[in-house]
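Asks: Structure in C-alpha cells, see below.
The values are calculated or read from the model by the stated rules, or taken from the named source; none is laboratory data. Bear in mind that the values here come from a model prediction, so they are computed numbers and not experimental data. Here the Cβ is made from the backbone with ideal geometry for all residues, glycine too, and neighbour counts use every protein chain on show. Heads up: the accessible areas ignore ligands, DNA and RNA and are worked out on the full protein's heavy atoms, side chains in. Shrake-Rupley method; radii C 1.70, N 1.55, O 1.52, S 1.80 Å.
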Amino acid sequence: MEENLDIITIGESLIELSASGSLKTSGCFDKYYGGDTLVTAVAALRSGSKVGYITKVGNDSFGEYLLDAWQSEGLDASRVKLSTEQNGVYFVGSHNGTREYQYYRKKTAASTLCIDDIDFDYIKRAKLIYATGFAQSLSLSAREAINEVFRFAKENDIMTAYDPNCQKSCTNSDEALENFNMIREYTDILFVEAGDGLCLFDTASANMLITKLSDLAIKSVIVKDKENGVFVYENNDTINIPPLEYNMIDATGASNAFNGAYLSRILNGDSARNAAQYADALCLLQMQNIGAIKSIPAKDRVEEYCEKIYG
C-alpha cells in the first residue's frame, strides 16, 4: 500500500545550467534542475515533509536525469508522465553583479500536461495540494488540470495553497488575474509577493492585499515584501517578520523555496510566526549560494540558523 503524502505540487520542471560568470563569457555550466513548483516541493522535502510531484518530462537523457535525481532526493515522482516533447532549459549567469537568465521553455513536455494525466486517487493521499499561476500559464490543458485538481481537493477536504507568481515573461496581468479567479474559491492558503499584488490588484501594500484577499474568503494570506518583510494573515490576525540584512549571491527561486518551507512547518504543527521565521531563515541561507534548488539547505542547518537569528 502506498504511503500518504504531506504535499503534492503540480507544475513544470526545467534543466538548470548555472555559471558564476556572464552567459556571454562562461565556458562551463553546472547542471541541476529548477521550476517554481519544483523548488517549492524540494524545499518542503528538505524541511522534513513527504512530497509528491506531478508533471510531464521529455523522454530523453535529460528526462532520465530528472527522474533519477528526484528518486535520489526522495521526491515521489511516481505519477510523473513521459512526453515526446522536449524538456525546458534555462541558463543562469552573473554580469556586473546582476543575475542573468535565458529561458528555452516553449512547447515543452510540461505544457502537454492535461486532466487525463491526473490520478485523483493519488491526490487523495495528500494533506495539501500546491500550484502556481505560472504553472497554469503553461497551456490551456495544464490550466484545466490544475483547476480541476483544486476543485477536487476542496470537495474532498484536502487543503490547497497557491501562488500567482506573475512573471511577465509568460503572461500579462489580465491573464494572471483570470488564472487566479479560476482557482480562488478553492484556495485555502495564498502566497503573494508585493510586486505580484501590484500586477493583480493595483496595490503593493501588504495591508491592502490582506484586506482584499481576506474579503475573498481566503483563510490564510502570506505577503512577501522585500522592503517590509513577511506579513502573515490568519484567524483575523496579522503578524510581521521584519526583513534582515544578508549577503545575497543568487535569489533564484527564493520566494518559491519560502513557500515550501512554510507549508512544511505549518503541516508539522508550527505556529504561523514560527513557520514564517523558519522559511525566512531557509531563504537567507539559500541565497548565499548559486542555484534555485541545489542551494536549498537541509532542515537541521535551517533550524540552527533560525535559532541564531530569531532566538
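Asks: Let me spell it out: the conditions are (1) of a type in the set (Gly, Ala, Ser); (2) open to solvent by 30 Å² or more (accessible area, probe 1.4 Å); (3) in contact (Cβ under 8 Å) with a residue 12 or more places away in the chain, and residue 61 meets all of them except one. Which number is the exception?
Replies: In the conditions (1) of a type in the set (Gly, Ala, Ser); (2) open to solvent by 30 Å² or more (accessible area, probe 1.4 Å); (3) in contact (Cβ under 8 Å) with a residue 12 or more places away in the chain, residue 61 misses (3) alone.
Asks: Residues of the range 177-208 being farther than 26 Å from residue 142 by Cβ, open to solvent by less than 40 Å² (accessible area, probe 1.4 Å) and not in a loop (DSSP other than H, G, I, E, B), which ones?
Replies: Residues satisfying the conditions are 194, 206.
Asks: Restricting attention to the range 232-252, does a residue exist that is open to solvent by less than 10 Å² (accessible area, probe 1.4 Å) and closer than 20 Å to residue 187 by Cα?
Replies: yes
Asks: Now, a different point. Just name the residue that is modelled with the highest pLDDT out of those in the range 88-142 that are out of contact with any helix residue (DSSP H, G or I) (no Cβ under 9 Å at 6 or more places or on another chain) and among the polar types (S, T, N, Q).
Replies: Taking the candidates together, the pick is 108.
Asks: Among the residues of the range 66-93, write down those that are of a type in the set (S, T, N, Q) and closer than 25 Å to residue 290 by Cβ.
Replies: Result: 71, 72, 86, 87.
A quick yes/no check of all residues on (1) out of contact with any Leu (no Cβ under 8 Å at 6 or more places or on another chain); (2) within 14 Å of residue 130 (Cα to Cα); (3) of a type in the set (S, T, N, Q):
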{"residue": "147", "(1), (2), (3)": "yes, yes, yes"}
{"residue": "150", "(1), (2), (3)": "yes, yes, no"}
{"residue": "162", "(1), (2), (3)": "no, yes, no"}
{"residue": "209", "(1), (2), (3)": "yes, no, no"}
{"residue": "227", "(1), (2), (3)": "yes, no, no"}
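Asks: Also: Do we have any residue at all in the range 77-87 that's within 18 Å of the chain's Cα centre (by Cα) and not in a strand (DSSP E or B)?
Replies: Yes.
Asks: Related question: Between 125, 105, 79, 99, which is touching a strand residue (DSSP E or B) at 6+ places or on another chain (Cβ under 7 Å), of a type in the set (D, E, K, R), surrounded by fewer than 21 Cβ atoms within 10 Å (Cβ to Cβ) and free of Cβ contacts under 8 Å to residues at least 60 places away in the same chain?
Replies: 79
Asks: Taking only the range 253-300 into account, find how many residues are crowded, with 19+ Cβ neighbours inside 10 Å, in contact with a helix residue (DSSP H, G or I) (Cβ under 9 Å, 6 or more places away or on another chain) and assigned to a loop (DSSP other than H, G, I, E, B).
Replies: Looking only at that region, the number is 7.
Asks: If you don't mind, there's one more thing I want to ask. Given (1) farther than 30 Å from residue 93 by Cα; (2) in contact with a helix residue (DSSP H, G or I) (Cβ under 6 Å, 6 or more places away or on another chain), where does residue 305 come up short, assuming only one miss?
Replies: (1)
Asks: Scan 72, 47 and give me the residue that is out of contact with any strand residue (DSSP E or B) (no Cβ under 6 Å at 6 or more places or on another chain), more than 21 Å from residue 150 (Cα to Cα) and open to solvent by 60 Å² or more (accessible area, probe 1.4 Å).
Replies: Only one candidate qualifies: 72.
Asks: Please verify whether the range 57-70 includes one or more residues that are over 19 Å from residue 254 (Cβ atoms), touching a Ser or Thr at 6+ places or on another chain (Cβ under 6 Å), acidic (Asp, Glu) and part of a loop (DSSP other than H, G, I, E, B).
Replies: The answer is no, given that none of the residues of the range 57-70 is over 19 Å from residue 254 (Cβ atoms), touching a Ser or Thr at 6+ places or on another chain (Cβ under 6 Å), acidic (Asp, Glu) and part of a loop (DSSP other than H, G, I, E, B).
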